[in-house]
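Q: Can you read through this structure? Questions will come right after.
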Amino acid sequence: MKRDREKEKLLNAIIYFCQNTKYCYKLKLMKLLYYLDFWHFKETGRSVTGNTYLAWDMGPVPPNVYKELSSNKNDFEEYLFIEEEIYDEINDKKRTIIIPKKEFNEKIFTKRELELVKKISEIFRDAKAKDMTDATHLRNAPWDRTIKNKGVNVEIDYMLALDDEVNSLTPQIVKDKIELDNENRELLDNL
């Protein structure tokens with residue numbers, strides 16, 4: 001049940017980002033989803049979509065989403081039209097165009113999640129993926145720390161999103177929340 005809800009949040013976040021930002025091709029979308037999940041985790045101890053992110057050369061990527069957007073048959077086709085477009089024939093450069101098939105459902109999100117989706121869209125509305133790549137590669141950001149300490153293609157630990165900013169939870173509070181969530185899930189499973 002939780003995975004279905006997270007998937008629905010993921011698809012609706014994609015729909016919103018595609019409808020409310022310019023240049024929302026696959027690479028930019030990966031970065032928007034990263035900001036959504038890591039920013040929300042920093043403030044609440046939970047991601048929005050449940051995605052796992054890997055530290056790829058071009059930045060943080062949720063491989064499950066990347067795979068779905070790259071395959072001919074995908075689980076997203078009910079929600080999204082996905083097409084490859086050549087935009088530079090000389091260098092054979094392609095981009096993935098993502099067009100929503102369904103209307104955005106804001107009711108699937110909590111108030112905080114919805115505000116964050118909108119805020120991220122506003123911040124990066126006119127940004128191109130290249131600009132966002134620079135932002136996700138900042139020194140000591142979760143991607144950078146993962147690349148430096150563990151290498152490429154390694155999972156980025158959500159705990160790296162925590163910092164000394166006012167809106168950030170402490171690592172201990174997050175660990176306590178995760179433990180409580182696991183206990184609650186176990187109790188619900190036993191009912």
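The values are calculated or read from the model by the stated rules, or taken from the named source; none is laboratory data. Everything numeric in this text was worked out from a predicted model, so none of it was measured. Methodologically, a virtual Cβ is constructed for each residue, glycine included, from the backbone with ideal geometry; neighbour enumeration extends over all protein chains shown. Just the protein is used for accessible areas: all its heavy atoms, side chains included, with ligands, DNA and RNA removed. Shrake-Rupley method; radii C 1.70, N 1.55, O 1.52, S 1.80 Å.
Q: Give the residues of region 130-153 that are closer than 25 Å to TYR25 by Cβ and touching a residue at least 24 places away in the same chain (Cβ under 8 Å), sorted by residue number.
A: Across region 130-153, the qualifying residues are MET132, THR133, ALA135, THR136, HIS137, PRO142, TRP143, THR146, ILE147, VAL152, ASN153.
Q: Would you point out the residue of region 15-29, among those that are in a loop (DSSP other than H, G, I, E, B) and in contact with a helix residue (DSSP H, G or I) (Cβ under 6 Å, 6 or more places away or on another chain), that is farthest from ILE99 (Cα to Cα)?
A: My answer is THR21.
Q: Can I ask one more? Across region 125-180, which residue is farthest from ARG46 (Cα to Cα) among those that are assigned to a loop (DSSP other than H, G, I, E, B) and acidic (Asp, Glu)?
A: Taking the candidates together, the pick is ASP126.
Q: Of the numbered conditions (1) open to solvent by less than 100 Å² (accessible area, probe 1.4 Å); (2) in a loop (DSSP other than H, G, I, E, B); (3) not aliphatic (A, V, I, L, M), GLU78 satisfies every one except a single condition; which is it?
A: (1)
Q: Which of (1) open to solvent by less than 10 Å² (accessible area, probe 1.4 Å); (2) modelled with pLDDT of 95 or more is the odd one out, the single condition CYS18 does not satisfy?
A: (1)
Q: Just to be sure I understand, how many residues within region 25-42 are under 13 Å from ALA129 (Cα atoms) and over 13 Å from the mean Cα position of the chain (by Cα)?
A: Final tally of qualifying residues: 1.
Q: Pairs under 8 Å by beta carbon, first residue open to solvent by less than 70 Å² (accessible area, probe 1.4 Å) in region 104-127, partner among the acidic types (Asp, Glu), six or more apart or different chains?
A: ASN105/GLU8; ILE108/GLU8; LEU114/GLU106
Q: Is it the case that region 108-120 has a residue that's modelled with pLDDT under 95 and either hydroxyl-bearing (Ser, Thr, Tyr) or under 14 Å from PHE41 (Cα atoms) (or both)?
A: no
Q: Where the second residue is open to solvent by less than 40 Å² (accessible area, probe 1.4 Å) and the first is without any contact (Cβ under 8 Å) to a residue 24 or more places away in the chain and lies in region 44-66, which pairs have Cβ atoms under 6 Å and are six or more apart or on separate chains?
A: From residues that are without any contact (Cβ under 8 Å) to a residue 24 or more places away in the chain, the pairs are PRO63/LEU54.
Q: Name, by its number, the condition in (1) among the hydrophobic types (A, V, I, L, M, F, W, C); (2) within 16 Å of ILE14 (Cα to Cα); (3) open to solvent by 90 Å² or more (accessible area, probe 1.4 Å) that does not hold for VAL166.
A: (2)
Q: Are any residues in region 39-67 among the charged types (D, E, K, R) and either surrounded by 19 or more Cβ atoms within 10 Å (Cβ to Cβ) or touching a helix residue (DSSP H, G or I) at 6+ places or on another chain (Cβ under 6 Å) (or both), and if so, which ones?
A: LYS42
Q: Could you tell me whether region 131-143 includes any residue that is open to solvent by 40 Å² or more (accessible area, probe 1.4 Å), under 28 Å from PHE81 (Cα atoms), touching a Lys or Arg at 6+ places or on another chain (Cβ under 8 Å) and not basic (Lys, Arg)?
A: No - not one qualifying residue is present in region 131-143.
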